[in-house]
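Shown next, in structure tokens, is the structure this report addresses.
The values are calculated or read from the model by the stated rules, or taken from the named source; none is laboratory data. Nothing here was measured: the structure is a model prediction, and the numbers come from that model. Glycine also receives a Cβ, built like all others from the backbone with ideal geometry; neighbour counts cover every protein chain displayed. The accessibility values were calculated without ligands, DNA or RNA, using every heavy atom of the protein model including side chains. Shrake-Rupley method; radii C 1.70, N 1.55, O 1.52, S 1.80 Å.
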Amino acid sequence: MARWLRPLVGALLLLEGAAALSFLHHRYEELVQALFRVQSQCPYVTRIYSIGRSVEGRHLYVLEFSDYPGIHEPLEPEFKYVGNMHGNEVLGRELLLQLSEFLCEEYRRGNERITRLIHDTRIHIMPSMNPDGYEVAAKQGPDSNGYLTGRNNANGVDLNRNFPDLNTLMYYSREISGPNHHIPLPDNWKSQVEPETLAVIQWISSYNFVLSANLHGGAVVANYPYDKSQDQRFRSHRRTVNTPTPDDKLFQKLAKTYSYAHSWMHRGWNCGDYFADGITNGASWYSLSKGMQDFNYLYTNCFEITLELSCNKFPPEEDLERQWMANREALVAFIEEVHQGIKGMVSDENNNGIAGAVISVQGISHDITSGDMGDYFRLLLPGTYTVTASAEGYQPLTVTTTVGPAAPSLVHFQLKQEVVRKPAERKTSGTRMNNKALQKKVVPRATRRGTQR
């Protein structure tokens, strides 16, 4: 199907009865009320939980949609949206509230597309990662909000410059043929991050997220990893260097899915900037250190992109409905992207799931691992792939599989126990690398501040 036609067809599936949405700015108490109102209207497919508290004690609430809320179903992927990471970039916060209301209302109406999405996907929506910063920005409102007022958390820290810098470790690890995924955290990382960052790291460590987007403002573009350039020598001169991940073509496709489903992002010219197809590699735009997007890719199984959604960081209320209509199809279509590639179970000879098994795809130097129940999800573009599953204590198993353009291919692995060897001969999985061994020779360089993602 032609790329321009897909958003039109998807939008037609959503036209039957528009949900009664609230196009208002929501302060913290109003946001909480809105979330619980959705949960009360759709109690059997939603759950509200908090991943922690902000510096000033506000809950970081998440609204979950699933046919079995609170339960991970084997082979059902986990997806997340995170909004309002920068407190003064508020459109994402409101769009995620509107999306929550929309999913609930359309599910109640019997919309087949939305029903299928909720039954086949576990969706987690966090409208605000920085509720303290939002309250600072909201006191000024959209008419007088300064460009940076409320951006940081209550301790004055930019949360998108506050995650452990795994890029530097990864670039060094690549030179010594070290791990290409689940890069170990520095030993003292907890003392270097804010409460909101800590809560998010613990959250994404507890759920086997597959796909994610975090919503920002100040530009209109879908930004994909890496955000941090490998060559930091040029940063003082603001030189941009395209820095692709091993999954670069896949990330471009994910970003284009959003930009072409959006009403105008794909046109390229927005906010005085031009981005071909409405997408950009992060480091090609400007290099950003310690960001959440790269951290997801390097520390977990999750593929995350950053969505810059509006020129105006704090748009007036009268613009919210127009922005919702521009983003509605894109928000739904991007969730559907979690259903591609391959997925399956990794088990032993007794059909017990093997957690932490490494899934490697030949030609792509980025592995993922199986979850607690032994199920795995590997996003891939259509094509034929050679895939290997390995786990400590088991013989690796390699298969060849073909991925189509629609639903993911089911590829199961049943591993046999390896022959017992002498300790000196025993193989190691290579999934993790000792923290000190990897970090010993790596000294991260200073990072440039003043960038806006």
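Okay, here's what the table says:
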{"quantity": "5 angstrom amide H check on Thr369, placed H, neighbours 5+ away", "calculated": "Ile359"}
{"quantity": "With DNA, RNA and ligands ignored, accessible area of Ser365 (1.4 Å probe; Å², nearest 10)", "calculated": "70 Å²"}
{"quantity": "Cross-link pairs beyond the 29 Å C-alpha cut-off, checked among Lys228/Lys253; Lys80/Lys416; Lys256/Lys416", "calculated": "Lys80/Lys416; Lys256/Lys416"}
{"quantity": "Estimated 222 nm signal from helices in the chain, with DSSP H stretches of n ≥ 4 weighted -39500 (n - 2.57), rounded to 500", "calculated": "-9000 deg cm²/dmol"}
{"quantity": "Cβ-Cβ FRET estimate between Gln41 and Ala276, R0 fixed at 41 Å, reported to 0.05", "calculated": "0.50"}
{"quantity": "The chain - Rg and Dmax from Cα coordinates, angstrom", "calculated": "21.6, 71"}
{"quantity": "Within the accessible area of the chain (1.4 Å probe), percent carbon and sulfur", "calculated": "49 percent"}
{"quantity": "Where labels lie 7 Å past Cα in the beta-carbon direction, separation of Trp264 and Phe23 in nm", "calculated": "1.5 nm"}
{"quantity": "The chain - accessible surface per residue (Å², probe 1.4 Å)", "calculated": "41 Å²"}
{"quantity": "For peptides 21-28, 368-375, 346-353, 166-173, sequence by mean Cβ density within 10 Å, most packed first", "calculated": "166-173, 368-375, 21-28, 346-353"}
{"quantity": "Extension gain from Tyr49 to Ile71, taking 0.36 nm per residue of separation minus the Cα-Cα distance", "calculated": "6.6 nm"}
{"quantity": "In order through region 47-57: 3J(HN,Hα) via Karplus (6.51 cos²θ - 1.76 cosθ + 1.60), integer Hz, x for Gly, Pro", "calculated": "8, 10, 9, 10, 8, x, 10, 6, 4, 8, x"}
{"quantity": "Ranked by how many other beta carbons lie within 10 Å on average, peptides 108-120, 395-407 from highest", "calculated": "108-120, 395-407"}
